[in-house]
1. Collect the residues in region 16-53 that are within 12 Å of the chain's Cα centre (by Cα), under 15 Å from Val147 (Cβ atoms) and either surrounded by fewer than 24 Cβ atoms within 10 Å (Cβ to Cβ) or touching a residue at least 60 places away in the same chain (Cβ under 8 Å) (or both), keeping them in residue-number order.
2. Tell me yes or no: at least one residue of region 194-204 is crowded, with 24+ Cβ neighbours inside 10 Å and closer than 30 Å to Ala77 by Cβ.
3. For a quick check of your reading of the model, give me the residue pairs whose first member lies in region 159-171 and is at positive phi, whose second is buried (at least 17 other Cβ atoms within 10 Å of the Cβ), with beta-carbon atoms closer than 9 Å and at least 6 apart or on different chains.
4. Being among the hydrophobic types (A, V, I, L, M, F, W, C) and surrounded by fewer than 15 Cβ atoms within 10 Å (Cβ to Cβ): is that true of Ala132 here?
5. Scan region 54-83 for residues that are closer than 19 Å to Val16 by Cα and either at pLDDT below 95 or more than 18 Å from the chain's Cα centre (by Cα) (or both) and report the count.
6. Applying the selection to region 227-254, what residues are surrounded by fewer than 19 Cβ atoms within 10 Å (Cβ to Cβ), over 27 Å from Leu186 (Cβ atoms) and in contact with a Lys or Arg (Cβ under 7 Å, 6 or more places away or on another chain)?
7. So which of Asp47, Asp35 ends up being modelled with pLDDT of 95 or more, acidic (Asp, Glu) and over 20 Å from Ala132 (Cβ atoms)?
8. Considering only region 199-233, how many residues are modelled with pLDDT of 95 or more and either assigned to a loop (DSSP other than H, G, I, E, B) or among the basic types (Lys, Arg) (or both)?
Amino acid sequence: MAARLLHWIMPNRRTVILTGASRGIGHATVKRFGDAGWRIFTCSREDVPADCRRDPNWAHHVVADLADPASRDNFVAEVTRRLDGAPIHALVNNAGVSPKTTYQERLGVLHGELDGWRSVFELNFYAPIVLARAFAAGLAAGKGVIVNITSIAGHAIHPFAGSAYSTSKAALSALTREMAAELAPLGIRVNAVAPGEIETEMISADYAPLVNRIPMHRMGTTAEVAGVIYQLCAPDFSYVTGAEIFVTGGQHLL
């Protein structure tokens, strides 16, 4: 009832559901949508970041591990309860994982447990399907947009990605096209954003040599990625669906 009342009081306030929100690209995207006045439903495996606990943009945060089906179902149920029938205008599937083996190598074809591969695909690939299904009615009501966060590693060999992560992101790229075609009759657009080398907490000194391979000769910022995600949800892109936008400084051209 509260959600319906707020929607009645502020009928033009738009709603976004964002996964993997606690840091990096997700954290910057919360700020981007919040600055534009959107109501934001967030989730991550961690609680609200300490420096954000008084920020109203984090008022609808749910701690959830989307690689765990039970935790994922709980997230869907909690967001559905809080929405109380209000329309959804955007779903950003940002949560992702690229784990290392016990030998500190990325999961590859010849090393790492297959259960690790399953866990990667559960989060990077299956979670976007489950959330799209769960929130399809709300997205249709809001003529909403789904933005899947893929990666440059889904399109070319990347020295630090690993086969499990890269193939899961390649699968998500293909899924984006299929979702776009399947959901278009419902009025839902589906696009993807493929970041390249972005300055986040996960970047180490090992990434420095990659800068020389970027035509713009610098890494991108999380705010730059967040800006593209936001614009894909804006009216100016209302006839764009099935697209994948590379935010790589031109690296994907090489």
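1. The answer is Val16, Ile17, Leu18, Thr19, Gly20, Ala21, Ile25, Gly26, Ala28, Thr29.
2. Checked region 194-204: no residue is crowded, with 24+ Cβ neighbours inside 10 Å and closer than 30 Å to Ala77 by Cβ.
3. Pairs that qualify, where the first residue is at positive phi and the partner is buried (at least 17 other Cβ atoms within 10 Å of the Cβ), are Gly162/Ser98; Gly162/Arg106; Gly162/Leu107; Gly162/Gly112; Gly162/Val120; Gly162/Ala153.
4. Numbers: among the hydrophobic types (A, V, I, L, M, F, W, C): yes; surrounded by fewer than 15 Cβ atoms within 10 Å (Cβ to Cβ): no.
Against the criterion (among the hydrophobic types (A, V, I, L, M, F, W, C) and surrounded by fewer than 15 Cβ atoms within 10 Å (Cβ to Cβ)), Ala132 does not qualify.
5. Adding up the residues that qualify gives 12.
6. Leu254
7. Working: Asp47 fails: modelled with pLDDT of 95 or more.
Testing whether each residue is modelled with pLDDT of 95 or more, acidic (Asp, Glu) and over 20 Å from Ala132 (Cβ atoms) leaves just Asp35.
8. Step one: filter region 199-233 for residues modelled with pLDDT of 95 or more, giving 221-233.
Narrowing the set further to residues that are either assigned to a loop (DSSP other than H, G, I, E, B) or among the basic types (Lys, Arg) (or both) leaves 221, 233.
Residues flagged as modelled with pLDDT of 95 or more and either assigned to a loop (DSSP other than H, G, I, E, B) or among the basic types (Lys, Arg) (or both) within region 199-233 amount to 2.
The values are calculated or read from the model by the stated rules, or taken from the named source; none is laboratory data. As the structure is a prediction and not an experimental result, all values here were calculated from the model. Cβ coordinates were reconstructed from backbone atoms using ideal geometry, including for glycine residues, and neighbour counts include every protein chain displayed.
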